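I have placed the structure first, in the form of C-alpha cells, so that the comments after it can refer back to it.
The values are calculated or read from the model by the stated rules, or taken from the named source; none is laboratory data. Note that the coordinates shown come from a computational prediction; the quantities given were computed from them, not determined experimentally. Heads up, the Cβs are rebuilt from the backbone with ideal geometry, glycines too, and the neighbour counts pull from every protein chain shown. Just so you know, the surface numbers come from the protein's heavy atoms only, side chains and all, with ligands and any DNA or RNA stripped out. Shrake-Rupley method; radii C 1.70, N 1.55, O 1.52, S 1.80 Å.
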Amino acid sequence: MKKHTISILVENHFGAFDRVATMFSGKGFNIRSISIGETEIEEISRMTIVTEGDDKIIDQIVKQLNRLIDTIKVVDLTSTPHIERELALIKVNVPKGTMEEIKNINDIFRGNIVDITGRSMTLEITGPPDKIDAAINLLSNFGIKEIARSGIVALKRGEQIKIKKEKNLTT
Amino acid sequence: MKNDPNYMSGAEIFFECLKRENVEYIFGYPGGAVLKIYEHLYDVDFLKHILVRHEQGAVHAAEGYAKASGKVGVVLVTSGPGATNTVTGIADAYMDSVPIVVFTGQVSSHLIGNDAFQEADIIGITRPITKHNFLVRDVKELAPIIKKAFYIASTGRPGPVVVDLPKDVINSKCIFKYPDEVEIRGYKPTYKGNSNQIKKAAEVISKAKRPLLYVGGGVIMSGSSEELKIFARENNLPVTMTLQGLGAFPGTDPLSLGMLGMHGTYWANRAVDNCDVLVSLGARFDDRVTGKVETFCTKAYKIHVDIDPTAIDKNVVVDLPIVGDVKHVLAELAAEMNNPPDTFEWLKQIEEWKNECPLEYEKNDGRLRSEFVIEKIFEKTNGDAVVVTDVGQHQMWTAQHYRYNHPRSNITSGGLGTMGFSLPASIGAAFAVKDRPVISISGDGGFQMNIQELTTAVYNKLPIKIFILNNSFLGMVRQWQELFHKEKYSFTDLGSSNPDFVKVGQAFGIESYSTDNPNEVDSLLDKVMKINDRPTLIEFKVVKEDMVFPMIPSGASISDMMVKRLNPKRMI
C-alpha cells in the first residue's frame, strides 16, 4: 500500500482537528503521522497527514476530508512536486570514546547537538523522513534512549494556493 | 446600547432567529439548562412547541416533519441526559440525510469540563453522526451560527446539525442582527452537473438496449419527482427504487418495478442483474441494495448522479459519475435526450419476470397476514397516504405492497434501522400533512420502543392511524434465526410478555381495536379512516412464522435470491 501525504487547510476553530481525526477513526483509515500548525493566515491551520491505502481508499479519504465543513482545501501532494520535512530529536547513548564518532554522524546529517550530558547526547535532525530514518539507523549502534519525531510537514512547490478571506458575519 | 431595541438575551435572539428561518414547530422537552429559552417560549406565538415524552421521540418527530414537509425539523432539549437521549435520532437523521437542527442546552461555559450536573460533551458525542455541529461560546456568535446551522442542514446532501447552547450564553445579551447571507468557504455544494458528462450520459442511455433507472431518496429530497416522471415516461425507462426512494416515482405506474435489493421484487433484481445501462439517481449503492459488490450489476455501464462526491465510487466503482443536484441534472439530461432508446423488448422481458415470480402469500387459510393488511391499507388510501413504518418485517412488506404514489409519503428509518421510529415520526408527519391520512405501522417490538409518544399524539389530537402488526415475535430477527442460525429463536419470542395493546391504547385515551380475522380488516379500516380529530389504534394479530420473500441473504448475489420458504436452494 502506497504512502500518501495529504495537506489540509482547516479553519482554526475549536474542534476542527477533532473532526479530521474522528473522520479517520470512524471510517477505519490509518494515520501514519499527523502534524498541525498555524499558517500565514491567522484563522487557518495547516494539517499534514501521512496515510496509506490503495487508490480507492485515498480517493475516499480526500473526498471525506473535503466533505467536512471546516476543511477549506485538501490536496494529495503525493503525485505533485512537493517538499517534505520532518524534525526528530534523538537522545543517544555516548559510550566512552564515541563522542567524536557521534558528532561526525551529526555533521554528516547536518544536525544540531541540542543537549549533552556525561552519558547521552540529544541530536536535532531535520529533513525528509528517509534521511531521519538513516540517521536513526546509524545512531542505533550506540543505543538510542528516546526519539521524538514531529511528523511530516509538506508544501507544494511553486505558486501558493489562494484562500479567500471569509466575510465576517458576526455582529 | 441597552436602549437599542435589538439589545437582547441569547434566549430572545434564539427565537428571533427561528422566526427568520420560518420555523413552525419545535419538538422539545424542557430542563434546567434551557429554562431561559422556555421562559421566553411562553410568550412566543409564531411557532408551536410540541412537548414530546422522551427526547428521542423529539428527534424522530422532527425527522418525520422534515421528510413529510421538505422543511428543516427543529428540536430543543436540555443538557446532559436530554442531549444524550437525542443521539439515536441524530444518527438516524445522519444515515438517511434528514435536515434537522437539534438545539441542546449545555452547562455554563465556566463549568464545561467540570463534570457538572447534567453535563455531557454532546459536541464530542455527536461529531461522527452530524453533518456539522457548533458549540456557541459567545452570545455574539449565536445568530450567525443558527443561520449557518439551518443552511448546512438543508443544502447539499441534507443532514442533522447540533447547536450546543451553554446556559450563560443564553442568559447574556448583545445586539441582535441576523446575517442576510451565509458564507462558509469550506462548504460549497455542487448543484449543476458537468455538462459534458451529462451529454455523454444522454448518448449512452439513448443507445441502451436494457436501461434501468435506480432511484434513491435523493430524488425526493431534491424535489425532482416530476422531472423523473417526465424523463422515465418520455424515454420508456423502467424505474426501480431503494427503500428511501419509494414514492419518488408512482408505484402504480407500469414502468415502476418497485423496490430492489435484499427484499426487493424478483423482477427488479433480475432487471438490475441484466441491464446494460444502470442510471443511479440520488442513491448510494448501499449494501442492502448491492449484496455482494463483486457480483452486483456486472453487465452494465453505470452512471451515478449524486450531490455528495463521497457517495461516488464508495461502494461500487462507476463508469460515469455526475456530481450535482439530481433536479438540475435530470432536467439537463432530459433536454439532451434526442432519441429515446428502444426498450420494448426489455420491458417485455421484465413483464415476464414479473409473471414468473410475483409477490405472493397464502390467502386461503383464513389466517390474518401482514401482506393482506398492507394491501388493504393500500386499497383504502389509493396509495395516497403518508405511511410511516418502523423497522423489520412489516417495513419490508409495506415497501413491497404499499405502492406509494407521491414523494414525501414514505417515511421510514432506512440507514440506521431504528426500531421505535414510526410512532414519533408519524407525529411529526401529522403536523406537516393535513390533507392526507397519516398512517403509522409498527411491529409489536418496535411499537414498545417509543410507546410513550402515544401521549403526544393524543394531547395534540393528531388523526394518526396507529397500526400494530403483532406477530408476537421480533419477526425479522426470527426470520434470520430460522434461516441462518439453526432455528435458535433466542430472545425473539415476545408473545408471552407482550402487553394487551388494546388496553394500552385505551389507557392513553385512544380508541383501540384488535383483530386476527381477515374478514374484519375492511370494516375496521373503514372505521378508523373516518376519524379525523384524534388518533386511533388497531392491533392486527398476524401469523407468527411468516417470512419476507424474496430475500437475498446478506452479502450474497442476486443469483442466491430465495423466493419461497422451505426451499432455500438456489432459485434462479
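Things worth noting here:
- Considering B:68, B:91, the condition of being touching a residue at least 12 places away in the same chain (Cβ under 8 Å), more than 14 Å from chain A (Cβ to nearest Cβ), under 29 Å from residue B:217 (Cα atoms) and under 22 Å from the mean Cα position of the chain (by Cα) is satisfied by B:68 alone.
- When residue B:98 is tested against (1) in a loop (DSSP other than H, G, I, E, B); (2) open to solvent by 20 Å² or more (accessible area, probe 1.4 Å), exactly one condition is not met: (2).
- Check on residue B:38, buried (at least 20 other Cβ atoms within 10 Å of the Cβ) and not small (Gly, Ala, Ser): no
- Boolean, residue B:125 is surrounded by fewer than 21 Cβ atoms within 10 Å (Cβ to Cβ) and free of Cβ contacts under 8 Å to residues at least 60 places away in the same chain: yes
- Looking across the stretch A:130-146, the residues that are of a type in the set (A, V, I, L, M, F, W, C) and part of a helix (DSSP H, G or I) come down to A:132, A:134, A:135, A:136, A:138, A:139.
- The single condition among (1) open to solvent by less than 30 Å² (accessible area, probe 1.4 Å); (2) outside any loop (DSSP other than H, G, I, E, B) that residue B:462 does not meet is (2).
- Per the listing A:56, A:96, the residue uniquely farther than 23 Å from residue B:126 by Cβ, at pLDDT below 95 and more than 14 Å from every other protein chain (Cβ to nearest Cβ) is A:96.
- Given (1) aromatic (Phe, Trp, Tyr); (2) open to solvent by less than 20 Å² (accessible area, probe 1.4 Å); (3) farther than 21 Å from residue B:22 by Cα, number of the condition residue B:103 does not satisfy: (3)
- Taking the stretch B:126-214 and the helices (runs of 4 or more DSSP H) fully enclosed by it, the elements with 2 or more residues that are within 11 Å of another protein chain (Cβ to nearest Cβ) are at B:139-154.
- Subset of the stretch B:475-495 [assigned to a loop (DSSP other than H, G, I, E, B) and either free of Cβ contacts under 8 Å to residues at least 24 places away in the same chain or under 28 Å from the mean Cα position of the chain (by Cα) (or both)]: B:485, B:486, B:487, B:488, B:489, B:490, B:491, B:492, B:494
- Failed criterion for residue B:82 (all others in (1) farther than 18 Å from residue B:166 by Cα; (2) more than 16 Å from the chain's Cα centre (by Cα); (3) outside any loop (DSSP other than H, G, I, E, B) hold): (1)
- Checked against (1) under 26 Å from the mean Cα position of the chain (by Cα); (2) away from chain A (no Cβ under 14 Å); (3) not acidic (Asp, Glu), residue B:299 passes all but a single condition, namely (1).
- Of the residues examined, residue B:322 is not one that is open to solvent by 10 Å² or more (accessible area, probe 1.4 Å) and over 16 Å from residue B:410 (Cα atoms).
- Subset of the stretch A:59-75 that is more than 25 Å from residue B:122 (Cβ to Cβ) and within 18 Å of the chain's Cα centre (by Cα) - its residue that is farthest from the other protein chains (Cβ to nearest Cβ): A:75
- Meets criteria (of a type in the set (Gly, Ala, Ser), under 21 Å from the mean Cα position of the chain (by Cα) and closer than 19 Å to residue B:555 by Cα) for residue B:248: no
- Within the stretch A:86-112, tally of residues that are without any contact (Cβ under 8 Å) to a residue 24 or more places away in the chain, surrounded by 14 or more Cβ atoms within 10 Å (Cβ to Cβ) and in a strand (DSSP E or B): 0
- On inspection, residue B:427 fails the criterion of being assigned to a strand (DSSP E or B) and either crowded, with 24+ Cβ neighbours inside 10 Å or basic (Lys, Arg) (or both).
- Elements of the type helices (runs of 4 or more DSSP H) sitting completely within the stretch B:310-393 and holding at least 2 residues that are under 30 Å from residue B:538 (Cα atoms), touching a residue at least 60 places away in the same chain (Cβ under 8 Å) and touching a helix residue (DSSP H, G or I) at 6+ places or on another chain (Cβ under 8 Å): these cover B:370-381.
- Index of the failed condition, residue A:31 passing every other in (1) open to solvent by less than 40 Å² (accessible area, probe 1.4 Å); (2) more than 10 Å from chain B (Cβ to nearest Cβ): (1)
- Selection count where residues are out of contact with any helix residue (DSSP H, G or I) (no Cβ under 8 Å at 6 or more places or on another chain) and open to solvent by less than 20 Å² (accessible area, probe 1.4 Å), scope the stretch B:290-299: 1
- Members of the stretch B:51-90 that are surrounded by fewer than 24 Cβ atoms within 10 Å (Cβ to Cβ), out of contact with any Ser or Thr (no Cβ under 7 Å at 6 or more places or on another chain) and β-branched (Val, Ile, Thr): B:84
- Taken as a whole, the condition of being touching a strand residue (DSSP E or B) at 6+ places or on another chain (Cβ under 6 Å) and of a type in the set (Asp, Glu) does not apply to residue B:435.
- Test set (1) within 9 Å of chain A (Cβ to nearest Cβ); (2) part of a loop (DSSP other than H, G, I, E, B); (3) open to solvent by less than 60 Å² (accessible area, probe 1.4 Å) - residue B:223 fails condition number: (1)
- When the stretch A:41-81 is limited to residues that are crowded, with 16+ Cβ neighbours inside 10 Å and basic (Lys, Arg), the one that is farthest from residue A:154 (Cα to Cα) turns out to be A:67.
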